[in-house]
1. Suppose the filter is surrounded by 11 or more Cβ atoms within 10 Å (Cβ to Cβ), in a helix (DSSP H, G or I) and at pLDDT 90 or above; does Gln45 pass it?
2. Among the residues of the range 9-27, is any modelled with pLDDT of 90 or more and surrounded by 11 or more Cβ atoms within 10 Å (Cβ to Cβ)?
3. Any chance you could count how many residues in the range 48-77 are aliphatic (A, V, I, L, M) and modelled with pLDDT under 90?
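The values are calculated or read from the model by the stated rules, or taken from the named source; none is laboratory data. If you're wondering where the values come from, they're calculated on a predicted model, not measured in any experiment. For neighbour counting, all protein chains shown are included, and Cβ atoms are generated from backbone atoms with ideal geometry for every residue, glycine included.
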Amino acid sequence: MKKVLLVCSLLIGMSASSFAQGGMRRSPEDQAKNMQTQLKLTDDQTTKVLALYKMQATKMDSIRTAANGDRDAMRQAMGPMRQDMQTKLSAILTADQKAAYQKMMEEQRTRMQQGGGAPPQK
């Protein structure tokens with residue numbers, strides 16, 4: 001019985017650890033699909049957004065590797081990259097989609113500040 005409890009405890013600990021180390025990161029495909037659903041993107045827009053998210057994911061991985069765990073270095077390097085991403089994304093979206101995207105980002109920011117993470121699943 002003790003062995004079963006020990007194994008269960010180890011499994012829970014390992015899953016919590018992997019979750020804390022980036023288990024919440026969504027793939028570029030998931031991000032683009034979410035935007036397609038939320039903002040009613042056309043197929044052409046979705047393809048362009050997916051390409052942007054893939055490029056950003058590659059750059060972010062490079063920054064993480066180069067920073068070697070230095071969060072301040074990562075933050076400084078990712079700031080301009082995120083700004084560039086927003087500019088490119090803005091060029092793809094229509095005026096209505098931009099407004100809806102801004103609202104989405106504000107809601108996400110509010111959730112993050114309140115200690116929440118992903119939006120509730122519908």
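1. Details: surrounded by 11 or more Cβ atoms within 10 Å (Cβ to Cβ): yes; in a helix (DSSP H, G or I): yes; at pLDDT 90 or above: yes.
Yes: the conditions hold for Gln45.
2. yes
3. 7
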